[in-house]
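For reference, the structure is listed below as structure tokens.
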Amino acid sequence: MSDRNDWAAVLFDLDGTLADTIELILRCYRHTMEVHLGAPLPDERWLAGIGTPLRVQLRAFARDDAEAVAMERTYATFQETVYDRTVALYPGIRGMVDALRERGVPLAVVTSKHSRMAGRTLERCGLRDAFPVLVTADQVVRGKPDPEPVLLALERLGLSHQAGRTLFVGDSTFDLRAGRAAGTLTAAALWGPFPREVLEAEMPDYRLETPAALVGLRP
């Protein structure tokens, strides 16, 4: 276990924080919009919702619930054809994760992906064994920005009483809001797709320019 002067745990978002999946996500979005709406829409509209569950994002574009379900099916089917060619770790993630593990800091992933694709992403990136706790969208009733998935990660780590010494690292406003609502400290991953000014407006406790910057942080 980590010592009392270190983090009780560090929790991470997945897409845009650990794994560079943004081009994958945008390709799936563009394809889905073309199939169902007949034309591509601005990427910015999709990027603004990254960090929330897929079905929630798609419902904002669908004309009714049935179309949202069909959109999700189209998105998932297309994703299978391009997935392994478009997923990779951000530079510096491996070293940062290894450094935290060497210190004995418990780690978890809290993502808006569903279990199968989240596990596949971690496997593809060679990180599955690094995260004994993985909380996904299909394991909770309310996804980020609600604190429920963050609180569930703390519970599974046996650290529900240590939220104040836990750090939640994410690239989206939804991550930062979920962490704050759960009582953790928050760190904005500035290498992700969200503009710096958008993340700074959420007043995170830490602003990380690179993954390596996390290694030297202490609560």
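The values are calculated or read from the model by the stated rules, or taken from the named source; none is laboratory data. Keep in mind that this is a model prediction, so the values were computed, not measured. Here the Cβ is made from the backbone with ideal geometry for all residues, glycine too, and neighbour counts use every protein chain on show. Surface areas here come from the heavy atoms of the whole protein model, side chains and all, with no ligands, DNA or RNA. Shrake-Rupley method; radii C 1.70, N 1.55, O 1.52, S 1.80 Å.
A compact table of results
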quantity	calculated
Share antiparallel - DSSP beta bridges, the chain, percent rounded to 5	10 percent
Protein-only accessible surface order, largest first, of SER115, SER160 at 1.4 Å	SER160, SER115
Over segment 89-219: Kirkwood hydrodynamic radius from C-alpha pairwise inverse distances, Å	14.9 Å
Using θ = phi - 60° and Karplus 6.51 cos²θ - 1.76 cosθ + 1.60, couplings along segment 43-55 (whole Hz; Gly, Pro as x)	4, 4, 5, 7, 4, 5, x, 4, x, 9, x, 4, 5
Over the chain, relative contact order from alpha-carbon pairs under 8 Å, at least 6 apart, %	27 percent
Folded to 0 to 90 degrees: helix 65-82 orientation relative to the chain principal axis, Cα	70 degrees
Ellipticity estimate at 222 nm from DSSP helix runs (n ≥ 4, -39,500 (n - 2.57)) divided over the chain, nearest 500	-12500 deg cm²/dmol
By average C-beta atoms within 10 angstrom, highest first, the peptides 60-67, 23-30	23-30, 60-67
Tilt relative to the chain, helix 148-157 - C-alpha long axis, 0 to 90 degrees, to 10	40 degrees
Solvent-accessible area per residue for the chain (1.4 angstrom probe, square angstrom)	44 Å²
Choice from ASP13, ASP129, ASP84 showing the highest fluctuation, given a GNM over the chain with Cα pairs closer than 10 Å	ASP129
Whole-percent carbon and sulfur share, accessible surface of the chain, 1.4 Å	52 percent
Relative contact order [Cα under 8 Å, 6+ residues apart], segment 1-104, whole percent	38 percent
Spacing of the two label points (7 Å from each Cα toward its C-beta) at ARG45 and ARG30, in nm	1.5 nm
Calculated semi-axes √(5λ) of the Cα gyration tensor in Å (choose from (1) 40, 18, 15; (2) 32, 21, 16; (3) 30, 17, 16), label	(3)
Between 0 and 90°, nearest 10: helix 93-102 axis offset from the chain longest Cα axis	30 degrees
Ordering of 104-110, 135-141 by packing [mean C-beta count within 10 Å, highest first]	104-110, 135-141
Distant alpha-carbon pairs in segment 106-178 (separation over 15 angstrom), percent	53 percent
Segment 1-114: Cα Rg divided by the 2.2 N^0.38 Å rule of thumb	1.30
